[in-house]
Amino acid sequence: MSTPRVVLALPVDSRRAFVQWRTLTFWSLLVGYAAYYLCRPNLAASAGFLAREEGIDTLAFGSIASIGTLCYAAGKFAAGPLAERFGGRRVFLAGLFGSAVVTALVGVSHGIVMLTLFWGAGRLMQSVGWQGLVDIIPRWHDRSEHGAAMGLISTSYQFGGALAPLLLGALIAWGLGWRSLFVLPAALLAAVGLLVAGGIVNRPQDKGLPGPDARAKPELQPQPPQPWTQRASALLGRPAFLMALGTAFVLTLLRECFNTWMPKYFLDLGESADVALFKSTVFPLLGILGSLVAGHASDRLSGGRRGPVMALFLGGLFAALIGLAHVDGLVRWLAPVLPNVTPGSVAVVLVGAAGFFIFGPYSMIGGGVVALDFGGTQSAATAAGLLDGIGYFGASLAGVGVARVVGAWGWPVAFDMLAGLAAVAAVLTLPLWRRRAAVTG
């Protein structure tokens, strides 16, 4: 990412200070938000243990997951105003340490009621982290860099989403029991929070430095903060933003289906608990590449237009989901060429492809660069909160909804239905085809 022109005009020492603090803030946020995911896949990883040791069946497990997601969605609506009122740094760190405490309580709880209560509280605490981050990023980066910056920072949740299951799989392989899947990651999250806290700065002005838009035309200068209701009403009055909300609803539902159910899906294909977790990490790992490619393409190749890139990725996602719905047929088709092919090996390739094609558009719409495009510097966190909040209300269907479909008709029908949702999301991106990055603060 380049240095803004206004910074290049500064004395060398001030320019160096800006670059150093921007770099430190960016990587502190990236590492910190990746660490948030230490307390995200714990419930999915413990599904088999909870069934055997606590008597929690598939439908009850799906209900716990859905309640947690609803808590997460509700928190998103408050997170934007909180970040804009108290500063992204405070909100980001409050969510991090709060999540660590409550997740540890899940690990020492007994009974489905307490487990549900603490898991929901943990998801509520986690909901504010991304809005804190989104409030900070545009204050350090020029508008022309928003796509690349958000594409790169979005790799935080893919790295976290990949590394956390690997850690949890190792804990299972070591035989430490399901409670360790909550307590130990929570302790590690708190340790990372202490490490990155000093490197996060809300805005350049806090260090006596100009922001990247300091020399903008007067009409483009940041305006005094408006009440949250006024900012939200202005966003909701724009038809293109309403379509973006619909896209966020579908994409977040699709993403959460994979986050919640892939360990269980691979278990159903005959894998062991630790191997199922390891294989599920291909989803966020390939998602890292998808986010980077999509962010760069939307900034450089399509001139700041997000819609074309998102539609292209969603077409690929549709194909991957259709493939997952017909894994057995693909195995029979491949058998003459690859006699040792198994459903698990075909599925892991398709799940990786789904990760690439989901996270590309999700990194833009799910509180990412699209929030900056619509909200500008002053309302980015509000826009991100609305996009994420609506998205996670959709994601709440991933728990109970998928459990019922799989229980009644099996995984092939579930993936066919998800493919249909991908097609709907592609249609919803049409209003974004001509929309370019915002030029208003």
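Overview of results
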| item | result |
| --- | --- |
| Residue exposure sequence - His296, His141 - by fewest surrounding Cβ within 10 Å | His296, His141 |
| Extension gain from Ala234 to Arg85, taking 0.36 nm per residue of separation minus the Cα-Cα distance | 51.8 nm |
| Inter-label distance for Trp333 and Val113, nm, one decimal - labels placed 7 Å from Cα along Cα-to-Cβ | 5.2 |
| At R0 = 30 Å, FRET efficiency that the Cβ-Cβ distance of Thr58 and Leu242 yields, to 0.05 | 0.30 |
| Extension reserve of the Arg404-Asn340 stretch, reckoned as 0.36 nm per residue once the Cα distance is removed | 19.8 nm |
| Calculated FRET efficiency for the pair Phe97/Leu24, C-beta based, R₀ 25 Å, to 0.05 | 0.80 |
| Reachable aspartates and glutamates from Lys207, criterion Cα separation under 14 angstrom, eight or more residues apart if same chain | Asp13 |
| Rough spin-label spacing in nm, given labels placed 7 Å along Cα→Cβ, for Ser272 and Asp206 | 4.7 |
| Fully extended contour minus Cα-Cα distance, from Leu195 to Leu176, at 0.36 nm per residue | 4.2 nm |
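Throughout, read-outs are computed from the coordinates displayed, never taken from laboratory work. Quantities reported herein were computed from a predicted structural model and do not represent experimental measurements. Using ideal geometry, Cβ is built from the backbone for each residue, glycine included, and neighbour counts are taken over all protein chains shown.
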